[in-house]
1. In segment 132-191, which residue that is in a loop (DSSP other than H, G, I, E, B) and among the small types (Gly, Ala, Ser) is nearest to THR334 (Cα to Cα)?
2. Just need a number here: residues in segment 1-59 that are in a helix (DSSP H, G or I), open to solvent by less than 60 Å² (accessible area, probe 1.4 Å) and not hydrophobic (A, V, I, L, M, F, W, C).
3. With the condition being touching a helix residue (DSSP H, G or I) at 6+ places or on another chain (Cβ under 7 Å) and open to solvent by 10 Å² or more (accessible area, probe 1.4 Å), I'd like the strands (runs of 3 or more DSSP E) fully within segment 297-416 carrying at least 2 qualifying residues.
4. GLU187 fails exactly one of the following numbered conditions: (1) modelled with pLDDT of 95 or more; (2) open to solvent by 80 Å² or more (accessible area, probe 1.4 Å). What is the number of that condition?
5. Only one of LEU503, LEU491 is open to solvent by 10 Å² or more (accessible area, probe 1.4 Å) and either in contact with a strand residue (DSSP E or B) (Cβ under 6 Å, 6 or more places away or on another chain) or over 23 Å from ASN463 (Cα atoms) (or both). Can you tell me which?
6. Cβ contacts < 6 Å: first residue of a type in the set (S, T, N, Q) and open to solvent by 10 Å² or more (accessible area, probe 1.4 Å), restricted to segment 107-123; second residue more than 10 Å from the ligand (Cβ to nearest atom) and in a loop (DSSP other than H, G, I, E, B), any location; separation 6+ or different chain. Result?
7. What pairs come out if I take residues in segment 304-332 that are more than 14 Å from the ligand (Cβ to nearest atom) and pair them with residues that are of a type in the set (A, V, I, L, M, F, W, C) and at pLDDT 95 or above whose C-beta lies under 6 Å away, six or more apart or interchain?
8. Counting only residues that are under 14 Å from VAL13 (Cβ atoms) and assigned to a strand (DSSP E or B), how many does segment 60-79 have?
Amino acid sequence: MINNFIEEKLQKVLDTLHYDIKAKVIISNRKDLCDYQFDGAFSYAKILHQNPYDISLNIVNKFNEIYETEDYFSKIEAVRPGFINFTLSDKFINNLIVDMSKNEKFNISLPQPQKIIIDYGGPNIAKPLHVGHLRSAIVGESIKRILKYFNNEVIGDVHLGDYGLQIGQVIYGLKEKNIAKENITIELLDQIYPEMSQKCKENEEIKQKCAEITKELQDGNEEYQEYFKLIRKVSGDDILRIYNYLDVHYDLWYGESDAYPYIDKVKKDLEKRNLLVDSNGAKIVNVSKPTDEVEVPPFIFQKSNGAYLYGTTDLGTIYQRIEDFKPDNIIYVTDLRQKMHFTQLFRVCEKLGLTNHIKFEHLGFGTVNGKDGKPFKTRAGTAPKLDELFKETKEVFLKSNSKNTNMKEEDLDILVNAIIKFADLQNNREKDYIFDITKFSEVVGKTGPYILYTYLRIANILNNEEKVESNLSNVIYNNVDRNLRIKILELENTLIYSANTRLPSILANYLYELCVNLNAFYENNHINNLDDQNKKNDWLFVLRLANNIIKEMLDLLSIKIPERM
Ligand code: ARG
């Protein structure tokens with residue numbers, strides 16, 4: 001990383017001066033003035049009661065004394081009130097660019113790989129997938145791909161909600177309507193679930209009955225088990241179909257029901273450590289801490305009627321994962337509203353000693369809202385089903401981009417994916433965002449189509465050139481050119497930061513900025529009719545690298561590239 005490169009040198013300078021400052025260098029926030037900056041003089045100046053500018057000046061002078069800087073920097077400057085600005089030399093920039101293009105994964109440094117399980121998607125079977133299920137799948141898939149890019153062994157698990165109350169409700173409904181098991185279809189489930197969920201709200205008796213069925217199912221009732229298996233198959237197939245459309249793929253298709261065989265072992269361990277407390281017949285674990293600012297209620301392990309809950313199956317699943325994979329890290333991607341659940345769960349894990357060797361993380365995400373700022377709904381007042389959403393997105397895209405009406409169906413599906421995913425991923429995952437297909441579908445602005453359009457535009461130039469340029473000279477020709485090359489160099493920082501914070505938005509926004517630089521380049525530097533062969537060669541080299549970056553990074557966002565648009 002360039003930061004590290006500068007920091008290493010700078011640290012030596014600081015040590016020589018006996019300045020007790022950490023050499024932390026960041027990408028410049030005034031790109032017109034420099035490429036990288038050091039702000040460390042300010043806080044140190046306070047300690048020394050000196051002027052920060054004088055400190056910076058000392059550092060710069062020492063830097064020039066110790067190092068032959070011309071090879072790397074065209075300018076190192078102390079500027080008032082006390083920043084140090086680093087401007088990279090053209091030669092250095094170009095050497096780094098060549099290294100990026102000649103090495104795998106753009107020559108980024110790869111840390112020690114880890115074994116990571118990522119639990120995302122988490123749909124509940126028998127309920128149709130709707131807009132509320134988008135984020136977990138999209139954000140989770142991207143985090144998985146980013147972590148894999150760093151050579152981690154990443155295992156994705158869908159963790160189906162397959163043993164909850166909705167199953168009891170649907171079984172009740174099927175039996176009530178005398179529907180033979182072999183006649184269960186997804187259309188039927190889509191109809192029965194909302195109907196039953198409404199009935200349970202209105203009728204306490206039916207609600208009780210459904211809860212009983214659920215409990216008996218969990219206890220192994222054979223008839224209910226048969227229903228359950230069929231429902232899981234039919235619903236699971238439909239979930240798979242939608243995830244395939246979204247290019248979201250899992251290594252494991254486990255669900256809550258698969259955790260049951262592990263619950264006894266969890267219970268024994270909790271008892272061994274005297275962690276299970278009786279509370280009106282229920283079994284709970286107290287997980288609050290004196291330092292808590294918000295009250296953390298007890299973790300409920302078992303209800304008084306003997307039923308297990310969401311948290312219990314989560315514990316069982318953790319035991320299953322440890323037995324099967326011995327992971328270093330388990331990551332959960334869910335709605336932010338589950339934050340408390342995971343706080344409780346991880347505290348139980350801590351009490352069980354599991355956090356000594358496993359890092360548990362809950363990555364929350366915000367809500368997809370409509371223009372009214374409330375959770376996105378159809379005109380009928382329900383959350384739009386994903387199938388409908390895909391269809392509508394396609395229509396809106398075609399309407400607002402009428403010259404694309406003869407696109408291949410396959411390419412249109414790619415566009416739908418790009419529209420929906422880029423709109424989601426460019427937002428910090430913790431923030432809510434407003435779902436606006438029209439805006440997301442435009443080819444200008446921070447959208448998926450804009451990125452794809454840029455890629456295809458550059459690909460078109462590259463395809464028209466027969467000669468493959470194999471090297472780069474020491475020259476950079478103008479500012480737009482330089483900005484593009486500097487942006488390319490920022491890839492490594494971006495990727496590492498995006499991976500460490502588990503924020504795909506960092507990568508998505510980088511990709512947008514790269515495309516802005518590329519389009520500025522395209523508009524200012526006309527390659528096609530260039531007579532200067534060296535210049536042409538250099539530019540093709542840079543454009544090829546930039547487009548390769550877009551392609552690989554889009555893949556990390558799980559966005560494909562259409563043939564044409
Ligand atoms: N099925 C859950 C829901 O709909 C999400 C599951 C998340 N994963 C987990 N291990 N708890 O909210």
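The values are calculated or read from the model by the stated rules, or taken from the named source; none is laboratory data. Because the structure is predicted, anything quoted here is derived from the model rather than measured. When we count neighbours, we look across all protein chains shown, and the Cβ atoms used for this are built from the backbone with ideal geometry, even at glycine. Just so you know, the surface numbers come from the protein's heavy atoms only, side chains and all, with ligands and any DNA or RNA stripped out. Shrake-Rupley method; radii C 1.70, N 1.55, O 1.52, S 1.80 Å.
1. Within segment 132-191, the match that is nearest to THR334 (Cα to Cα) is GLY164.
2. Qualifying residue count for the region: 8.
3. On the way: elements: 299-302, 329-335, 359-365.
Where strands (runs of 3 or more DSSP E) fall fully within segment 297-416 and carry at least 2 residues being touching a helix residue (DSSP H, G or I) at 6+ places or on another chain (Cβ under 7 Å) and open to solvent by 10 Å² or more (accessible area, probe 1.4 Å), they are 299-302, 359-365.
4. With respect to (1) modelled with pLDDT of 95 or more; (2) open to solvent by 80 Å² or more (accessible area, probe 1.4 Å), GLU187 is out only on (1).
5. On the way: LEU491 fails: open to solvent by 10 Å² or more (accessible area, probe 1.4 Å).
The match here is LEU503.
6. GLN114/ASN152; GLN114/ASP328
7. Pairs that qualify, where the first residue is more than 14 Å from the ligand (Cβ to nearest atom) and the partner is of a type in the set (A, V, I, L, M, F, W, C) and at pLDDT 95 or above, are SER304/ALA282; ASN329/ILE116.
8. Keep residues of segment 60-79 that are under 14 Å from VAL13 (Cβ atoms), which gives 60-69, 72-73, 76, 78.
Checking the rest, the ones that are also assigned to a strand (DSSP E or B) come to 73, 76, 78.
So the count comes out to 3.
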